[in-house]
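Engineer: Structure provided below as structure tokens; questions to follow.
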Amino acid sequence: WTEDPVLSVAPFAVDMSGVKHVSLSGLEVRHSRATGILANDGVQNVTIQNCIVANHGANGVLIEGVSSGIKDSIVFDVGCVGMHVHGGDMHTLTPGHMFADGNVVSLMARYRQTYQPALHR
């Protein structure tokens, strides 16, 4: 082994649920049992940019909210979906203004292999 083994018992490496007006930039997020970066429960104006997200058991990034998203980041080696980006309200037809721009996603669906796309919108 060239590196010490890493064992995480946390379901998420970064949990940003419910936050507003937050930006993550230039981080390397690795090794969680489930999702690398979780941002749900009505997040608003959350931006993840220039990050590396890798080696997670489930999704790389999961963002659900309004006016939020991920850009110019690299997501790889995840068990399920690379990036899960959802927003708005389909019952009231409120737009989400979510984005996923300039990202590179590879080696997803390592664990669950049916309908696990690079980007789920």
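Engineer: Restricting to Cα pairs below 8 Å that are 6+ residues apart, what does the relative contact order work out to for the chain? Please round to a whole percent.
Structural biologist: Details: 363 pairs, mean separation 23.9, N = 121.
Taking the mean separation of contacting Cα pairs over the length of the chain, I get 20 percent.
Engineer: Note the full-extension length gain between residue 3 and residue 113 as 0.36 nm times their separation in residues minus their Cα-Cα distance, in nm to one decimal.
Structural biologist: 36.8 nm
Engineer: Another question, then. Can you pull out the chymotrypsin sites (Phe, Trp or Tyr not before Pro) in the range 1-82 that DSSP calls coil and that have at most 15 other Cβ atoms within 10 Å?
Structural biologist: Working: sites: 1, 12, 76; in loops: 1.
Those that pass, being in a loop and sparsely packed, are 1.
Engineer: Starting from the 7 Å offset along Cα-to-Cβ, what nm value, one decimal, do you get for the label separation of residue 120 and residue 30?
Structural biologist: In this crude spin-label approximation the distance works out to 2.5 nm.
Engineer: Then there's this: Pick out, from 87, 39, 19, the residue whose Cα sits farthest towards the positive end of the charge dipole of the chain, with +1 on the Cβ of Lys and Arg and -1 on the Cβ of Asp and Glu.
Structural biologist: The listed residue farthest towards the positive side: 87.
Engineer: Something else now. Using DSSP to define loop residues, name the GluC sites (Glu not before Pro) in the range 1-109 whose beta-carbon has at most 16 other beta-carbon atoms within 10 Å.
Structural biologist: On the way: sites: 3, 28, 64; in loops: 3.
The qualifying sites are 3.
Engineer: Also: For Kirkwood radius over Cα pairs in Å, several values are listed as [x] 14.2; [y] 17.4; [z] 25.0; flag the one computed from this structure.
Structural biologist: [x]
Engineer: If I model a spin label at residue 41 and residue 19 as a point 7 Å from the Cα along the Cα→Cβ vector, what separation in nanometres do I get?
Structural biologist: 1.3
Engineer: Taking the Cα centre as origin and putting +1 on Lys and Arg beta-carbons and -1 on Asp and Glu beta-carbons, what dipole magnitude results for the chain, to the nearest 20 debye? Please list the in-between numbers first.
Structural biologist: Working: 7 positive and 10 negative charges, 43 e Å.
Value, rounded to 20: 200 debye.
Engineer: If you don't mind, there's one more thing I want to ask. Below 14 angstrom from the Cβ of residue 86, what's the summed charge of the other residues (Lys, Arg +1; Asp, Glu -1)?
Structural biologist: Working: positive: 121; negative: 41, 64, 89.
Spelling it out: positives minus negatives among the neighbours equals -2.
Engineer: Search the structure for amide H atoms under 5 Å from the amide H of residue 40, placed 1.01 Å from N in the peptide plane, and list their residues when 5 or more places away or on another chain.
Structural biologist: 16, 17, 18, 64
Engineer: Also: What net charge do the residues around residue 119 carry, taking every other residue with its C-beta under 13 Å from that of residue 119, with Lys and Arg at +1 and Asp and Glu at -1?
Structural biologist: Details: positive: 71, 121; negative: 101.
Net charge in that neighbourhood comes out at +1.
Just so you know, all these numbers are worked out from the coordinates, no wet-lab data involved. Because the structure is a prediction, the values reported are computed rather than measured. Using ideal geometry, Cβ is built from the backbone for each residue, glycine included, and neighbour counts are taken over all protein chains shown.
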